[in-house]
Amino acid sequence: GMHYFSPVPSMPLLEIIPHGGTSDATTAAAFEVGTKQGKTCIVVKDVPGFYVNRCLGPFLIEVSALVKDGIDLETLDKAMKDFGMPVGPITLADEVGIDVASHVATFLSNADLGVRMSGGDTALMGNMIEKGWLGRKSGQGFYTYGKGKKGKKSINSDVQKYVKDFATQKLDLGEKEIQDRMVSRFVNEAAKCLEDEIIADPVAGDIGLVFGTGFAPFRGGPFRYLDTVGTDNYVNLMNGLADTYGPQFEPCQLLKDHAVSGKKFHK
């Protein structure tokens, strides 16, 4: 299989998904097609969500958890942009389409990720689809879009009320904690994919998330980021989040192993 990303003309990644009976020649042909189309190709295992969307699922669920905790939409976008993402998660959902983002989150919530897809609520985007708020393509998502490509975006009173009603509490969180909650869900799932051999190596993992989701490019991807901050420090951070918010933040075994051994993902 060949998995492209929306919007196809501007997204530079292509996931190539061989199965048990796929010959090397067929895989090579898929690479050649993708490369000719100007795509950067990675090989991933045939599992729900493949690699990139599998990592995006827990991240999207955490976005809904933060909205439930009363964090403003603009605050969420600003936190992720300050971390280094080209766009924040609220803008990202609007750009890919609320219906597409909702499908990814709902599909993976019913797949094999277990507790790693818990903590949030897929109804956040599900209800928006019923209202026809599909994102930029419909002129209304989390943001309301002005006419034309340069049209200004704003959050209207209907969305403000919807989000306020969706929240179950109003936590006062600093920007770093907001970043840590979202980014750790991304990073842990990437590491779990490496542990489960869904991706071949950390290089493919970094390329996939930088080109497939815009994961803070200057940080080099999730595995380069772990090497920079130290996996032991990151496991401690995730354990702290797990104590506060629940088992969805439990670091995967591979992260724990690297934390103990001090081994880096990149040589």
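The values are calculated or read from the model by the stated rules, or taken from the named source; none is laboratory data. Just so we're clear, the structure is a prediction, and the values are computed from it rather than from any experiment. Glycine also receives a Cβ, built like all others from the backbone with ideal geometry; neighbour counts cover every protein chain displayed. For the accessible areas, the whole protein counts, side chains as well, though only heavy atoms, and no ligand, DNA or RNA atoms are used. Shrake-Rupley method; radii C 1.70, N 1.55, O 1.52, S 1.80 Å.
Between K150, K256, K39, which gets the highest mean-square fluctuation from a Gaussian network model of the chain, Cα cutoff 10 Å?
Of K150, K256, K39, the Gaussian network model singles out K150 as fluctuating most.
For the peptides 151-158, 28-35, what is the packing order when you average, over each peptide's residues, the other Cβ atoms within 10 Å and list the highest mean first? Let's see the in-between values first.
Details: 151-158: 11.6, 28-35: 14.4.
Taking the mean over residues of other Cβ atoms within 10 Å, the ranking is 28-35, 151-158.
Hey, how many Å between the Cα centroid of segment 80-138 and the Cα centroid of segment 218-237?
25 Å
Below 8 Å between Cα atoms, with a sequence gap of 6+, how large is the relative contact order for segment 124-267 in percent? Mind showing how you got there, number by number?
Numbers: 123 pairs, mean separation 22.9, N = 144.
Worked out over segment 124-267, it gives 16 percent.
Kindly report, to the nearest 10 Å², the accessible surface of E74 as traced by a 1.4 Å probe over protein heavy atoms only.
Approximately 100 Å² of E74 is accessible to the 1.4 Å probe.
Under DSSP H, which helices of the chain have Cα atoms covering 27 Å or more of the helix axis and a Kyte-Doolittle average no less than -1.0?
Details: long enough: 175-195 (30 Å, -0.70).
Membrane-span-like by this rule: 175-195.
In the chain, if the dipole is taken from +1 on Lys/Arg beta carbons and -1 on Asp/Glu beta carbons about the Cα centre, which of G114, I178, V87 is farthest to the positive end?
It is V87, whose Cα lies furthest towards the positive end.
When the chain is modelled as a GNM with alpha-carbon springs shorter than 10 Å, which of R224, R54, R116 fluctuates the most?
The residue that fluctuates most here is R224.
Charges only on Cβ, +1 for Lys and Arg, -1 for Asp and Glu: so what's the dipole of the chain about the Cα centre, in debye to the nearest 20?
Values: 29 positive and 33 negative charges, 194 e Å.
It comes to approximately 940 debye.
Over the chain, what percent of the accessible surface lies on carbon and sulfur atoms, probe 1.4 Å?
Numbers: 6760 of 12380 Å².
Of the solvent-accessible surface of the chain, carbon and sulfur hold 55 percent.
Please compute the contact order of the chain in relative form: average sequence separation of alpha-carbon pairs under 8 Å and at least six residues apart, divided by the residue count, as a percent. It would help to have the intermediate numbers written out before the result.
Values: 393 pairs, mean separation 56.0, N = 267.
Computed over the chain, the figure is 21 percent.
Answer rounded, prolate or oblate for segment 194-240, using the Cα gyration tensor with square roots of eigenvalues a ≥ b ≥ c: rounded when a/c is under 1.5, else prolate when a/b is larger than b/c, else oblate.
Details: a/c = 2.16, a/b = 1.36, b/c = 1.59.
Cα axes put segment 194-240 in the oblate bin.
With only Lys, Arg, Asp and Glu charged, each at its Cβ (+1 for the first two, -1 for the last two), find how big the charge dipole of segment 1-146 is about the Cα centre; round to the nearest 20 debye.
Values: 11 positive and 16 negative charges, 45 e Å.
Roughly 220 debye, rounded to the nearest 20.
Please state the shape class of the chain: rounded when a/c is under 1.5, otherwise prolate if a/b exceeds b/c and oblate if not, all from the C-alpha gyration tensor.
On the way: a/c = 1.81, a/b = 1.20, b/c = 1.51.
Oblate, because a/c is 1.5 or more while a/b does not exceed b/c.
Along the positive direction of the dipole of segment 146-237 (beta-carbon charges: Lys, Arg +1; Asp, Glu -1; about the Cα centre), which of N236, T213, N188 reaches farthest?
T213
Suppose accessible area is computed on protein heavy atoms with a 1.4 Å probe; arrange H103, H258, H3 from highest to lowest.
Values: H103 120, H258 20, H3 40 Å².
Listed by decreasing accessible area, they come as H103, H3, H258.
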